[in-house]
1. Once both axes come from the Cα atoms, what is the angle between helix 364-381 and the longest principal axis of the chain, in degrees from 0 to 90, rounded to 10?
2. Lys and Arg at +1, Asp and Glu at -1: add these up for the other residues within a Cβ distance under 11 Å of Leu259 and post the number.
3. Can you figure out the FRET efficiency of Ser233 with Lys382, using R₀ = 56 Å and their beta-carbon distance, to the nearest 0.05?
4. Charges only on Cβ, +1 for Lys and Arg, -1 for Asp and Glu: so what's the dipole of the chain about the Cα centre, in debye to the nearest 20?
5. How much length would be gained if the chain were fully extended between Asn353 and Arg427, taking 0.36 nm per residue of separation minus their Cα-Cα distance, in nm to one decimal?
6. Quick check: from the Cα gyration tensor, does the chain come out rounded (a/c under 1.5), prolate or oblate?
7. Normalised by the number of residues in the stretch 162-297, what is the relative contact order in percent for Cα pairs under 8 Å and 6+ residues apart?
8. Can you bin the stretch 208-361 into rounded, prolate or oblate? Criterion: square roots of the alpha carbon gyration tensor eigenvalues sorted a ≥ b ≥ c, rounded for a/c under 1.5, prolate for a/b above b/c, oblate for the rest.
Amino acid sequence: MRRSRLALAAVILALAGGCARAIDPAPVVTSPRYPDFLFPAAPPALASETLVALQQRGWQFLQAGDLSQARRAFSAALAENSRFYPADAGLAYASLADHDYADAVARFDRVLRRAAGYVPAMVGKADALAGAGRVDDATRLLTEVLAVDPSLADVQRRLDVLAFRTQQVVLKGARQAADAGRFDEAIAGYERAIAASPDSALLYRELAAVERKADRSDAALAHLRKAVLLDPSEARGFVQLGELLEERGDVAGAIDAYLKAEAIEPGDEARARVAAARARADLARLPEEYRAIGGAAQVTRGDLAALIGVRLSALLKAAARGEGAVVTDARRHWASPWIMAVVRAGVMEPYPNHAFAPRGVVRRLDLAQAASRVLGLIAERKPAQARAWQAARPRIVDLPAGHLGYPAVAMVVGADVMPLADGAAFRPTRVVSGAEATDVVTRLEVLAR
């Protein structure tokens, strides 16, 4: 025992450079600088008191962050016994701490050539490989370590961290590929990420978004259904599902998805989404002639009656007169129900001979008269708001104040339902297009709310 202590003292003196100056005591480490490093313990066959003491001294300096002193202690141990590979592993860990990954890998390899299966060197090499960006190689090596000793929970944690890093790299690449329009590459990346995290609803949603851009609607639908199954508490998944179902023409399915999203995250936006989908469903059930109005070069009286009857149905129903209306030429027209609705509400009138002339062309003065009557119905419900419309007397260069149509035109201009052309002219005889009629009825609809 006395001899080994003398030997240790001699080695310590050598570390001091052979001089009589005070030797730096090994630090007491309470907060290790590198807590994930695995201490390279000496096997019993090599564990002399001197070598073990030097190894421990080097490790204490390493964990204190003094790499220079750590290397001196590990080198002294190797000078004492060149076969003491734990000290070489200590030097490799010092290089790892210094971010010299190439040197660390080379030193760990040298240790493993001497002692295959030496776990501290395998784990250290894996850390060095990961630091050098060789994540797949590090993963394979740590998997080998677990095969040697499955009880090493710290190794499993390292594998989990590497899997996360790999996942982040794969996802970053997939997102960049999607942004650049390389959809096949992006889809392959997301599929790889999902293989590693099959329970991630987020990954399925992102993959579906890329597939929609790539015109892979069927695959996107399947993945969105998977996403909402995995996470039924995430409103965004149901919104995406609803949007895709709408694109595919399944409006009923879209409404169901939007309602589920609204139940999770209620609010104005959610309600508006459901209302818009229902409106589209209602529109889909309307005759083809109605759906074509918006793109028509000119609208007929039947078209205008249908627009007002559909968009302002509640207002017309409340204003309907009790007495029956006689219209002789509307029964066989596609817009017959709405023609009768606008007539009963007094918004549009048949001619003295009881003919409505549903195929007659609508001009701006005709539209103004119908719109002013709608404004009159709105005024009954909102008199304060209507005072400004009713009092408006704009100067109209092509329609004098004495004209029979002036009061109706003045009201629609005052309510900003039908603006003047060039700020002064109304163009009363100009034929009304489908787009213009739709715009006017939309403005009336807004005022009626």
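We did not get these values from a lab; they are worked out from the coordinates using the rules stated. A quick note: this is a predicted structure, and the numbers were derived from the prediction, not measured. Don't worry about glycine lacking a Cβ; one is built from the backbone with ideal geometry, like all the others, and counts go over all protein chains shown.
1. 70
2. Values: positive: Lys260, Arg271, Arg273, Arg278; negative: Asp256, Glu262.
Residues close to Leu259 contribute a combined charge of +2.
3. 0.85
4. Values: 58 positive and 52 negative charges, 146 e Å.
Rounded to the nearest 20 debye, it is 700 debye.
5. Value of the extension gain: 23.8 nm.
6. Verdict is prolate for the chain.
7. Answer for the stretch 162-297 is 13 percent.
8. Working: a/c = 4.29, a/b = 2.41, b/c = 1.78.
Because a/c hits 1.5 or more and a/b exceeds b/c, the stretch 208-361 counts as prolate.
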